[in-house]
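What follows is a single structure, written as structure tokens, with notes after it.
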Amino acid sequence: MKGTYLGEFEEVILLIVAILNGKAYGNSLKEEFQGRANRSVNLSAIHAALYRLEQKGFVKSQFGEPTCERGGKRKRFFSATNKGLSALQESRDLRKNLWADVPVNALSKLR
């Protein structure tokens, strides 16, 4: 089994999966990512991240019903698991603690 380390791209994809709440699939994730991150992303990169997250137990997937618009093909929907949500919480806590220790004068240089 893969390690439980959550990379930045995986973290963002997992967050979007959680936001979409069971309605996340390749193209919906791509659109949401590009809209929120203001970055373009390759669909194959999203699928690769989803499969890594599934191997780690952070997401689970299930197939939806076949649709005419997809030529009878079924979409694969992803949802966050409790383990995935815990990993997001740990990541948020780590970042929050790190940001709390950044000196105020260091942040004032950004303005």
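The values are calculated or read from the model by the stated rules, or taken from the named source; none is laboratory data. Being a predicted model, the structure only gives us computed values, none of them experimental. Counting neighbours? That spans all protein chains shown, and the Cβs are built from the backbone with ideal geometry, glycine included.
Among what's in segment 58-84 and is of a type in the set (K, R) and part of a helix (DSSP H, G or I), pick the residue that is nearest to I13 (Cα to Cα).
Per the criteria, the residue is K83.
Do you know which residues across segment 90-100 are small (G, A, S) and surrounded by 10 or more Cβ atoms within 10 Å (Cβ to Cβ)? Walk me through it before giving the result.
The initial filter retains those residues of segment 90-100 that are small (G, A, S), namely 91, 100.
Residue satisfying the conditions is S91 alone.
Which number in (1) without any contact (Cβ under 8 Å) to a residue 24 or more places away in the chain; (2) on the phi < 0 side of the Ramachandran plot marks the one condition that Q55 misses?
With (1) without any contact (Cβ under 8 Å) to a residue 24 or more places away in the chain; (2) on the phi < 0 side of the Ramachandran plot applied to Q55, the lone miss is (1).
Out of segment 87-111, which residues are free of Cβ contacts under 8 Å to residues at least 24 places away in the same chain and under 15 Å from I16 (Cα atoms)?
Q89, R92
Tally up the residues in segment 1-43 that are touching a helix residue (DSSP H, G or I) at 6+ places or on another chain (Cβ under 6 Å) and touching a residue at least 60 places away in the same chain (Cβ under 8 Å), please.
The total comes to 3.
Take R95 and tell me if it is over 14 Å from the mean Cα position of the chain (by Cα) and under 19 Å from E11 (Cβ atoms).
Here the answer is yes, as R95 does meet what is asked.
Would you mind stating whether A87 is surrounded by 13 or more Cβ atoms within 10 Å (Cβ to Cβ), assigned to a helix (DSSP H, G or I), aliphatic (A, V, I, L, M) and on the phi < 0 side of the Ramachandran plot?
Yes: the conditions hold for A87.
Restricting attention to segment 1-57, and to residues there that are of a type in the set (F, W, Y) and in a loop (DSSP other than H, G, I, E, B), which single residue is farthest from S79 (Cα to Cα)?
For segment 1-57, the residue satisfying everything is Y5.
Residue by residue, here is whether (1) exposed (fewer than 12 other Cβ atoms within 10 Å of the Cβ); (2) of a type in the set (D, E); (3) more than 22 Å from E65 (Cβ to Cβ) holds:
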{"site": "E8", "(1), (2), (3)": "yes, yes, yes"}
{"site": "A18", "(1), (2), (3)": "no, no, yes"}
{"site": "A37", "(1), (2), (3)": "no, no, yes"}
{"site": "N42", "(1), (2), (3)": "yes, no, yes"}
{"site": "A45", "(1), (2), (3)": "no, no, yes"}
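Considering only residues that are in contact with a Ser or Thr (Cβ under 9 Å, 6 or more places away or on another chain) and either modelled with pLDDT of 90 or more or within 15 Å of I16 (Cα to Cα) (or both), which ones fall in segment 69-86?
R76, F77, F78, S79, K83
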